[in-house]
Amino acid sequence: MILKKLMATFGGLALAASPALAQKFPDLAPTPPMGWNSWNHHGCNIDETLIRRTADAMVANGMRDAGYVYVNIDDCWQGERDRDGFIQADPVRFPSGMKALADYVHARGLKFGLYSDAGAKTCGGRPGSRGHEYQDALQYARWGVDYLKYDWCNTGAGPDQRNPREAYATMRDALYRAGRPVVFSICEWGDNKPWEWAQNVGHLWRTTGDITNCWSCQVSHGSWSSLGVLEILDKQVALRKAAGPGHWNDPDMMEVGNLPSLSENRSHFALWAMLAAPLIAGTDIVGMKPEIAKILTNPRIVAIDQDALGIQGFPWFKTPEVEIWARPLSGDRWAVAILNRTSTARSHAIDWKAEPLADDHSQRSANLGGRTMRIVDAWTGAVRGDTAAELKVTLAPRDTAIFILEPSS
Ligand code: GLA
């Protein structure tokens, strides 16, 4: 209350010097955030009609009830700053304004997210937040923003580069002082190893450059490259210890629905769940095919992603063709995913007795001492026997089988 009064009097400036208040909002991301973001499919081609239709579709197709609550507008929503320096929405694409749009989204039981950048301009050349952090945070709070993705374009180079820790901490503090709880998504592409310093700054941090809708590729755009699903997956392995409740590795917004084959879309989703990744859909929700909605809303795989322990999975077994990922879950359970990286069908058998399923990092083990676990197919919910026998799977090209192991008694 006192904080609010001071805020009203001094617009937050009086408090800016108090380090005791330097913190992110607690308890906003005990499990990885879930929602949708406009960028991967729509890029800058966005407007308020699209956002309203997307929110409606997320209610109608079951995504909201499956946990996808954030409706996040990425780059290119911005117009100019007004004469006092407050950012305004693009008046042509968002003529009703951001407050009205946030109200529309909130009325449907969803939350509302925006994008900005630590430079003077965003990656898309719109006004960034540099030098306007407190003013932007205040504006977002007035509009009812619940999530901010904060990008790193135009932050200078060499000795003139903005200090990332300072830049992200400044926006964190600005959001906190504006008083409205906001999930803070750090997007500096892993350039400055945020997993080493951002635990108390943001709720999630991008670990790589941008994802693109291919299975395995690296696409050069001159000074930067975008990456396929497998390239991003491989880069997560070394980072798993940094993830946990409230602070997640973000391997980027999903291309589920944007990849060419159903198997690729299934694999991408199953693997992001194994990674405890934020599940931010990046496809055209309004025109989405039912089989894609079915993947995104699979309750068992969403539950793997959202498991309360928040332990990121790891590759337990690896060949160039087939990989087995394992992830300890709450309730003494495990998730196990078998990925076919290749373009031909593969068979694989897991002999649970040959090698114990164990995780040094979390000090957990599954079938040590000959214990038998029941195996449930996470795609279908069907029981597939138990770990006393070998588990044999046949995998379509680029497909992933995913199972939950649970105590059998
Ligand atoms: C960067 C980010 C992307 C997207 C675009 C928008 O490339 O990494 O996720 O936000 O900017 O311009």
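Bear in mind that the values in this text are calculations on the coordinates, not laboratory data. Predicted model only: the values in this text are computed from it and were never measured. Note that each Cβ is placed from the backbone with ideal geometry, even for glycine, and that neighbours are counted across all protein chains shown.
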For the chain, take the longest principal axis of its alpha carbons; what is the angle in degrees between that and the long axis of helix 262-274, to the nearest 10 within 0 to 90? 80 degrees
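Quickly estimate the mean residue ellipticity at 222 nm for the chain, helices only: each DSSP H run with n ≥ 4 gives -39500 (n - 2.57), and the total goes over all residues, rounded to 500.
-7000 deg cm²/dmol
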Please compare each pair in K149/K193; K99/K121; K111/K149 to a cut-off of 19 Å on the Cα-Cα distance and tell me which ones are over it. K99/K121
Per the rule of 0.36 nm per residue minus the C-alpha distance, extending S223 to A382 adds in nm 52.5 nm
List K235, K392, K149 from most exposed to least, where exposure is judged by having the fewest other Cβ atoms within 10 Å. K392, K235, K149
Listed by chain and number, the residues whose amide H is under 5 Å from that of V183, excluding neighbours fewer than 5 places away on the same chain and using placed H, are Y147, L148
Under 10 Å, Cα contacts only: if you run a Gaussian network model on the chain, which one of R398, R300, R53 comes out with the highest mean-square fluctuation? R53
Under a no-solvent Debye model with one identical scatterer per Cα of the stretch 30-160, what's log10 I(q)/I(0) at q = 0.09, 0.10, 0.11, 0.18 Å⁻¹? -0.25, -0.31, -0.38, -0.97
Taking R0 as 35 Å, what's the FRET efficiency between R83 and A60 from their Cβ-Cβ distance, rounded to 0.05? 0.25
Other-chain or far-sequence residues with amide H under 5 Å of F317's (modelled H): I324
In a Gaussian network model over the chain where Cα atoms closer than 10 Å are linked, find which of E48, E264, E321 has the largest mean-square fluctuation. E321
Gyration tensor verdict on the stretch 314-407 (Cα atoms; rounded if a/c is under 1.5, prolate if a/b is larger than b/c, oblate otherwise): prolate
Quick one: compute the contact order of the stretch 2-305, relative version, from alpha carbon pairs under 8 angstrom and 6+ residues apart, as a percent. 19 percent
Förster-model FRET efficiency, 41 Å R0, E166 and T49, C-beta, rounded to 0.05: 0.60
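Largest first and in whole Å, what are the equivalent-ellipsoid semi-axes of the chain based on the Cα gyration tensor, each being the root of 5 times an eigenvalue?
Working from the Cα gyration tensor, I get semi-axes of 39, 22, 20 Å.
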Would you mind checking which residues have amide H under 5 Å from W36's amide H? H placed 1.01 Å from N; only 5 or more apart, or other chain. Y70, V71, N72, A281
What is the order of I292, I186, I324, fewest Cβ neighbours within 10 Å to most? I324, I292, I186
Between V92, V322, V59, where does the largest GNM mean-square fluctuation fall for the chain, given springs only between Cα atoms within less than 10 Å? V92
Step through the residues of the stretch 226-233 one at a time and calculate ³J(HN,Hα) from phi using the Karplus curve (6.51 cos²θ - 1.76 cosθ + 1.60, θ = phi - 60°), rounding each to whole Hz and writing x for Gly and Pro. 9, 10, x, 4, 5, 4, 5, 3
With +1 assigned to the C-beta of every Lys and Arg and -1 to the C-beta of every Asp and Glu, and no other charges, what is the dipole magnitude of the chain about the Cα centre in debye, to the nearest 20? 660 debye
What distance in nm lies between label points placed 7 Å from Cα along the C-beta direction at E390 and K294? 3.0 nm
Quick one: helix 133-143 against the long Cα principal axis of the chain, what's the angle to the nearest 10°, folded into 0 to 90? 80 degrees
Folded to 0 to 90 degrees: helix 98-107 orientation relative to the chain principal axis, Cα: 40 degrees
